[in-house]
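Participant: Can you read through this structure? Questions will come right after.
Please treat every number below as a calculation from the coordinates, not as lab data. Remember, it's a predicted structure, so these values are computed and weren't measured experimentally. So basically every Cβ, Gly included, is an ideal-geometry build from the backbone, and we count neighbours across all protein chains shown.
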Amino acid sequence: MKFNAKIFELSCFAALLLTVLLSVSSFESKCDSVRQEVLRLHVVANSDSDEDQAVKLLVRDALLEKSKTVFSENATLAEAEKEACENIGLLFETAKKTLEENGFDGAVSVSVGKSSFPTKSYGSITLPAGEYCAVRVEIGESKGKNWWCVMFPPLCLSAAAGEEELSDVLSGGEMELVKSRPKYEVRFWIVEKLEQLKERYNKFRENRERS
């Protein structure tokens, strides 16, 4: 049988492509598991002015501090989401009071639901892009830069304590994923692009259903 170099090259490329796809698929599955275990905080500033960006961070700090009294110890994500919903009034009043004390008299809204997040690192921890359950805070016209973090487990309150809290809800494989960004840099990038495509497709489908 005559050796065909072109067929051999195509076969090697196909095998390599299949290996990459399977690897990314396995990585995406672990990413999805991580998304099912944490509650994010999403704060949107009124504008990009220095004043509005500064007050956004004050609201962030106040809500993270208040969250210490909202979530039960060793709660699951479902329980944390329920507790956030039950305490939505308390979170709203905390945000509103912080804004008023700092001279901002515009509106603010606080809600709990699904939000899309980019890949984000917090110290040694990296969370993959995708859709997470989140407490979303919109200040004024909410046209300014976003701010993201992990509200439960309380990863934003202390980097060291946060990592320990996170390990209580993630498996060993999931912790290895979130602590290995340099190793998985390309995969994090691929997952983020896939999530962006997924979000665009969902918006396109929603627009078609409305029309």
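Participant: 5 Å is the cut-off here: which amide hydrogens, built 1.01 Å from N in the peptide plane, fall below it relative to residue 108, excluding neighbours closer than 5 in sequence?
Facilitator: Distant-sequence amide H within range of residue 108: 140.
Participant: For residue 208 paired with residue 88, estimate the spin-label separation in nm (one decimal), with each label point 7 Å from Cα along the Cα-to-Cβ line.
Facilitator: 3.1 nm
Participant: What are the extents of the Cα atoms of segment 46-127 along their three principal axes, listed from largest to smallest and rounded to whole Å?
Facilitator: In descending order, the Cα extents are 37, 30, 21 Å.
Participant: Moving to a separate point now. Using 0.36 nm times the number of residues separating residue 131 and residue 176, minus their current alpha carbon distance, what extension gain do you get?
Facilitator: Additional length available on full extension: 14.2 nm.
Participant: Mind listing the long-range amide H neighbours of residue 144? Cut-off is under 5 Å, sequence gap 5 or more, other chains count too, H placed in the peptide plane at 1.01 Å from N.
Facilitator: The list, which skips near neighbours in sequence, is 45, 46, 47.
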